[in-house]
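One structure is given here, and the rest of the page talks about it.
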């Protein structure tokens, strides 16, 4: 019963330890873009939503409503669509037009757009995302930073707009690698557009271009037509890529940007990216801003994941079959302990016999001989042991009377004792064995001591 209790306590302690390790395991960041409001990982948008909510003058909120539900709102507002990929249908385009006609704004920020919807975006708005996005790779970035590779960064140029002057921002290249493609006309009608930010996406020009030459080509969005601006800025370079473009449609503004990673927690905490975001959001801060979160109709945001725990059970718990195998095993072991812990029969008392050691036995026998004073019998038993020792060591038989001379000589030669003393000892032992002598305690001690002395010298 006591052993079973120890097993149960040990099992409970082990189970509690595993649960504690799983609950308090260190967490690691997930570098998968989710753009989720509740996601505090590098590519979530918890920090962006918090900063915008405290910065924008006319208010900022995150909504789970669909684009159609937002388009039915009679109050003009800015709808921010932020995600991995744009997936705009004709129905969604009609909703966007409804928001623009009401005096609202629409900001579409994505890494790319679906190929099947590029024609719709170009035909309706004259803008779409280019197919040039390079996914963020943390290990590659760390290696570039360690090697001080200049290609790890790219210059993001924000044009002159409103009360802001033109500025150059040093941004991680993999965060701004896509671009916005713009047509001069929409449906055969020429509609001007306003570039808000651009980069020179060629690696050669990113590392070799003289920045002073570009500073001379400042652009004022509020006072220049884009067709004139583009002709001036693309000379002599043909690698200029728009990162953010604004177009006035109906009574509102439509902005398309290809830098969604700059809107994440990782991006907004960078000072240079923060400047870009503030300049961009200031273009639509005339009305309240509503960011769509979790609308699968518009964006393919990928599956939201919780931080993965580094624990001994992590590998098993992330696979349902293995997880259930652990649960069933623990339940089976616990049930086994519960069933086998029951007593199956009455308590049987333990009867322990008297323990007798060799020392206790020797003391008992010695007391019997001492009580009887049978000294001769003790000497006879000692003589038998003495004879066995001589026979094993010297091949001498003291019971053979005819070989007494040889035996005495052999014993004397091996032990170094006097031959006459050995001869007298053998004679006394023979007389005791024949029962012809009554022996005192002193005489018994003398004979036993002599035999022991010879045995020690063998």
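Below is a table of values for the structure above.
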| quantity | calculated |
| --- | --- |
| Mean Cβ neighbour count within 10 Å, used as a protection proxy, ranking 327-334, 395-402, 249-256 highest first | 249-256, 395-402, 327-334 |
| Order of 119, 63 under a 10 Å beta carbon neighbour criterion, fewest first | 119, 63 |
| Ranked 139, 258, 407, 50, criterion: other C-beta atoms within 10 Å, fewest first | 139, 50, 407, 258 |
| Extension gain, residue 342 back to residue 440 (0.36 nm per residue minus Cα-Cα distance, nm) | 28.6 nm |
| Protection-proxy order for peptides 29-36, 445-452, each taking the mean of Cβ atoms within 10 Å per residue, highest first | 29-36, 445-452 |
| Order of 348, 96 - criterion: other Cβ atoms within 10 Å of each residue's Cβ, fewest first | 348, 96 |
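All of the numbers you see were taken from the coordinates with simple rules; none came from a lab. A quick note: this is a predicted structure, and the numbers were derived from the prediction, not measured. Here the Cβ is made from the backbone with ideal geometry for all residues, glycine too, and neighbour counts use every protein chain on show.
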